[in-house]
Each structure stands twice: as structure tokens, then as C-alpha cells.
Amino acid sequence: MLNRLLFISIVLLFFSCGNEKVLQLPEIQNATITEILDVSPAYIFYDETKQDSVELNRKNLIISTNWLINVDKRLTLEQALPSIIKLQEKKRNATMHKNEKARNYYTCNDTSIKNLGFIDFTDVVYSFDKSKAPIKDNAKLYNEKIIDKTSSDYQTTSPWAKISPEHYFGVELFLDSKDKIYAYSKDILKSNQLEDYLSEIHNKVFIDINLNKKISIQDYISFKSLLKNIESENITISINEFIY
């Protein structure tokens, strides 16, 4: 707890000194992770005077620690992800002082406890390469149906096909904008409908994630938090996230 309070103090001092930079953390509720020890922070600021409105400050990162990535919620995925991917690669490719147990977390403002909450994204692989995505055309999300992998109608278009058990159903989700989630057999789902939608599938589910590059970090983190809360032994979420 002391470590977390110290980190909050550091953030407040960072904001109030020098250039008076303000970083607005994305908001979530009921975070599953609320305390992390042995940390070092990086900051991705929203700054309209910079190229792509992004300013990355990573001078405080220590390779052997858990990294807390503080991203301004006003940025879009298109703006913020290049810096985030750069940080991921820096840690993954480290050779000296590497700590295999150290993780990467998004720092959030958990409004339900009026304190910090965190989302682990260590294993997530982001890709802007449409050719590697499980779907070729987002329009397919409007009219395709959920298909049993063992069905003769099933076509192998997703990376999980080679590793999923026989009775998994593959579900493509595409976060298009705030509270607009496209899925195979529905036109549009609101975020509060997603869990009910998945519960109607009486089998194990593997979810592929697709994202509109124009969505805000706030909307993305809200979506990630939602998925974290519904993930279970029957619902597996792909580590690959494709951005369009």
C-alpha cells in the first residue's frame, strides 16, 4: 500500500512541477489489480504541440521492474500505440538485467475505490497489419454467424484454429467506437450486453480482438477492463489485437 501511495505522490508532483504537464488517466471500475510492488513508470502525454500529439517520457524506466505505463486517455490508439509497442519491444528484447517475472501494466483511475487500478498487457501483441488479422474485411462482422470449428462450413481464418480444443467457438469482436461492439451474429452490441451475448453460447469461447485505430485510449481501456472481468475458464481472449 505504501508503494502505491508513494507512486500517486510522484505523479502529482510530476504534474505540478516544471511545465505543469497534465496526464489524464483512463477511468475504470472494479479493477482486478489494485496494488503492484517494485515498479517504474513511463508517461505518454497528450500534447498538441508535438508530432501526432504524443510525448513519451520513459527516462524513469528500470528494465528489471514492473512497468506502469501511464497513457493520457484523450489519445487515440493510432497516436499512442507506436510508443506502447516501442516500450514492449524494449523490454522483450532486453538482455541485461532482464527479469522474466516483471510485467507491464496500464495505470488507470479506478473510480469505484477512488484510487489506482491496473490492467496487465504484458503478453498482448498489437498489429496494424491487416493481412495477419483473422478477418479480411470488417464488413463480414455484420453477417457471419458463429460457426462450430468442427462444422463442415468452418473455414480456418483465425490463428487460434490450430490451438483451440474441438469444442471452442470462435467469436470476432470489433470495437468501433464508444459502446459499439460488432460481433458475428449481432449488428451492434453495447458493452453492457456483451456478457449476456457470450453466455448464450453454450460452449467454450475464444475471442479475437479487432479495434478501430481512431478510438480513444479511454474507450480501449474500458473495453479491456470489460474483457478482463468476463474472462474465465470458458472464455479465452486472444493475446493478438488487430488495429484498423
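The set of residues in region 83-101 being open to solvent by less than 70 Å² (accessible area, probe 1.4 Å) and either without any contact (Cβ under 8 Å) to a residue 40 or more places away in the chain or in contact with a His (Cβ under 9 Å, 6 or more places away or on another chain) (or both) consists of Ser83, Gln88, Lys91, Ala94, Asn99. If you take the residues of region 215-231 that are in contact (Cβ under 8 Å) with a residue 60 or more places away in the chain and closer than 15 Å to Leu198 by Cα, which of them is surrounded by the most Cβ atoms within 10 Å (Cβ to Cβ)? By that ranking, first place goes to Lys228. None of Thr95, Thr76 is within 14 Å of Gln218 (Cβ to Cβ) and among the β-branched types (Val, Ile, Thr) except Thr76. Selection of region 206-228 for residues being β-branched (Val, Ile, Thr) and either in contact with a Lys or Arg (Cβ under 6 Å, 6 or more places away or on another chain) or over 30 Å from Pro82 (Cα atoms) (or both) yields only Ile217. Among the residues of region 191-224, those identified as assigned to a helix (DSSP H, G or I) and closer than 18 Å to Thr76 by Cβ are Ile217, Gln218, Asp219, Tyr220, Ile221, Ser222, Phe223, Lys224. Is at least one residue of region 174-190 polar (S, T, N, Q), surrounded by fewer than 19 Cβ atoms within 10 Å (Cβ to Cβ) and under 23 Å from Glu27 (Cα atoms)? Checked against the condition, which is being polar (S, T, N, Q), surrounded by fewer than 19 Cβ atoms within 10 Å (Cβ to Cβ) and under 23 Å from Glu27 (Cα atoms), region 174-190 yields at least one hit. Kindly evaluate Ile243 against the criterion of being β-branched (Val, Ile, Thr) and out of contact with any Ser or Thr (no Cβ under 8 Å at 6 or more places or on another chain). Taking the combined requirement at face value, the residue does not satisfy it. For residues that are in a loop (DSSP other than H, G, I, E, B), open to solvent by 70 Å² or more (accessible area, probe 1.4 Å) and over 15 Å from Lys114 (Cβ atoms), scanning just region 25-58, find the one that is modelled with the lowest pLDDT. Among those that are in a loop (DSSP other than H, G, I, E, B), open to solvent by 70 Å² or more (accessible area, probe 1.4 Å) and over 15 Å from Lys114 (Cβ atoms), it is Lys50.
The values are calculated or read from the model by the stated rules, or taken from the named source; none is laboratory data. Note that the structure is a prediction, hence the values are computed from the model and not measured. Ideal geometry is used to build each Cβ from the backbone, glycine not excepted, and the neighbour counts take in all protein chains shown. Note: accessible area is taken over every heavy atom of the protein model, side chains too, but ligands, DNA and RNA are not part of it. Shrake-Rupley method; radii C 1.70, N 1.55, O 1.52, S 1.80 Å.
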